[in-house]
Amino acid sequence: MTETARLIIARGTAEAPGQHESFDVPFQPGQSVLDGLRWIRVNKDPTLAFRFSCISANACKECMMRIDDKVVYACLARLETREMMLAPLANKPLVRDLVTEIGPPAERL
Ligand code: FES
């Protein structure tokens with residue numbers, strides 16, 4: 001039997017925030033939460049919005065989000081065989097799902 005991780009993910013837009021959706025993700029030791037999100041997008045819901053770029057190089061900081069109410073990098077956080085609550089950053093404007101506006105206003109075109 002395959003172990004699973006359950007990701008409970010905040011969904012919605014700035015106009016309609018506050019929904020949550022639960023996904024069971026096949027677990028393999030060493031996977032990151034970002035690996036789980038990428039699995040969901042490929043296998044369950046291609047509309048799930050989250051950002052990443054460097055994947056575990058800790059260089060881009062685009063995968064920053066709240067996991068169990070702590071701000072972390074999803075590419076460095078380990079996936080675990082339990083329920084994990086994923087939410088966007090609380091102090092940034094919400095774009096959609098786990099994506100917030102993280103660029104400084106002067107850099108937004
Ligand atoms: S994807 Fe770049 S820091 Fe996580």
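The values are calculated or read from the model by the stated rules, or taken from the named source; none is laboratory data. These figures come from a predicted structure and were not determined experimentally. Here the Cβ is made from the backbone with ideal geometry for all residues, glycine too, and neighbour counts use every protein chain on show.
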- Message: So for the range 39-62 (the condition being within 16 Å of the ligand (Cβ to nearest atom), among the aliphatic types (A, V, I, L, M), at negative phi and surrounded by fewer than 14 Cβ atoms within 10 Å (Cβ to Cβ)), does at least one residue qualify?
- Response: yes
- State whether one or more residues within the range 63-70 are among the β-branched types (Val, Ile, Thr) and either over 12 Å from the mean Cα position of the chain (by Cα) or closer than 25 Å to Thr2 by Cα (or both). yes
- Message: Looking at the structure I just gave you, is Leu86 touching a residue at least 60 places away in the same chain (Cβ under 8 Å) and within 15 Å of the ligand (Cβ to nearest atom)?
- Response: yes
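Table: residues versus (1) closer than 13 Å to Val99 by Cα; (2) at pLDDT below 95; (3) of a type outside the set (Lys, Arg); (4) out of contact with any Lys or Arg (no Cβ under 9 Å at 6 or more places or on another chain).
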position	(1), (2), (3), (4)
Thr2	no, yes, yes, yes
Gly12	yes, no, yes, no
Val33	no, no, yes, no
Gly36	no, no, yes, yes
Asn43	no, no, yes, yes
Ala59	no, yes, yes, yes
Asp68	no, no, yes, yes
Arg82	no, no, no, no
Met85	no, no, yes, no
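How many residues are away from the ligand (no atom under 16 Å from the Cβ), in contact (Cβ under 8 Å) with a residue 24 or more places away in the chain and of a type outside the set (Ser, Thr, Tyr) when one looks only at the range 63-83?
Residues of the range 63-83 away from the ligand (no atom under 16 Å from the Cβ): 68-69, 80-83.
Add one more test, that the residue is in contact (Cβ under 8 Å) with a residue 24 or more places away in the chain, and what stays is 80-83.
Next cut, of a type outside the set (Ser, Thr, Tyr) only: 80, 82-83.
Final tally of qualifying residues: 3.
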- Message: Cβ-Cβ under 6 Å, sequence separation 6+ or interchain: first residue in the range 48-62 and touching a residue at least 60 places away in the same chain (Cβ under 8 Å) and more than 12 Å from Leu34 (Cβ to Cβ), partner among the aromatic types (Phe, Trp, Tyr) and more than 6 Å from the ligand (Cβ to nearest atom). Which pairs?
- Response: none
- Query: Could you say which residue among Thr13, Thr4 is closer than 14 Å to Thr81 by Cβ and of a type in the set (Ser, Thr, Tyr)?
  - Reply: Thr4
